[in-house]
Structure formats: structure tokens, C-alpha cells
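> I have a structure here, written as C-alpha cells, and I will follow up with some questions on it.
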Amino acid sequence: MITLPFHVGWDSADWKIIDDLLEEGGMDGIRSLMNGGNHGNLATLEPQLSPMLWTSIATGKMAYHHGVEGFTEVDPVSGQIVPVSATSRKCKTLWKLPSVPFPKPPVWLFSLSAQ
């Protein structure tokens, strides 16, 4: 049986707060995940803007390559400021690349993402 990794990325999570809550006996689901695997801090990029960061994780590229630089962008047709979307990305996600062996797209549960 093949075991696939399960990655949890928690936007704005703070280990100081999580550790305090765990010490108080809370967050049983998180405790179970932590006890069954590995956990730790991720280094981040600047500026710390969620759509840019999550898209960098999904593509393996920096913002100047993938095209998602923040929460909004200028619509090229209307000139209006609009939220970023999956169409804002200028490159494929890792699971769409033929050279990366993802059996199926991973599940991403987060808000304000570019996909």
C-alpha cells in the first residue's frame, strides 16, 4: 500500500498560541495530527500576502514567475481592481506538471487562494 503525504498549511497559525491551547488540553484534532506525523515552522517570503505565498507553494515558483502578487489585480479589460483568481497564475501548479508524480490533485482548504 502506498502512503501519500498529508500536508496541512494553516494561514497565520502561531505555534505559541497553538502550544498554549494544547497544554490546556484543547485542540484534540490538531494534537492527533501532530502525534501521528511531523510538524514545524515554514520559512516565508516577503511580503507576507496569502495568495502570493500559497501560489508559490502550489507552483514552486516565486511571484514574479507565477504572477500572483497579492489579493487583487487590475483587470486588463475593464481597468477595475478585481480579486486574484486561478486565471491570474502564469504557470502550472506542481500537480499539473508531467514530471511531478502526483496521483491526483491534493486537497487545498484555505480561503482567498488563487486556485
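> Just want the ordering: VAL77, VAL82, from fewest to most Cβ atoms lying within 10 Å of their own Cβ.
VAL77, VAL82
> Give me the extension gain from TRP15 to THR44: residue separation times 0.36 nm, minus the current Cα-Cα distance, reported in nm with one decimal.
Working: separation 29, 0.36 × 29 = 10.44 nm, distance 1.47 nm.
Value of the extension gain: 9.0 nm.
> Same structure again: Given 10 Å bins starting at zero, what is the percent of C-alpha pairs of region 7-51 in each, up to the one with the largest pair distance?
Using 10 Å bins, I get a P(r) of 21, 54, 22, 3 for region 7-51.
> Right, next: Determine the gain in length on full extension of the stretch SER78-LEU22; use 0.36 nm per residue of separation and subtract their C-alpha separation, reporting nm with one decimal.
Length gained, SER78 through LEU22: 15.3 nm.
> Can you list residues from other chains, or at least 5 along the same chain, whose modelled amide H is less than 5 Å from the amide H of GLY67?
The answer is LYS90.
> Let me ask another. Please give every one of the aspartates and glutamates within straight-line cross-link reach of LYS61, meaning a C-alpha to C-alpha distance under 17 Å, and leave out same-chain neighbours fewer than 8 residues apart.
By straight Cα distance, LYS61 reaches GLU46, GLU69.
> Something else: How do LYS16, LYS61, LYS90 line up, fewest other C-beta atoms within 10 Å first?
In order of increasing Cβ crowding within 10 Å: LYS16, LYS90, LYS61.
Each reported figure results from applying straightforward, stated rules to the coordinates on display, with no laboratory input. Small disclaimer: the values here were computed from a predicted structure and weren't measured. Reconstructed Cβ throughout: ideal geometry from the backbone, glycine too, with neighbour counts over all protein chains shown.
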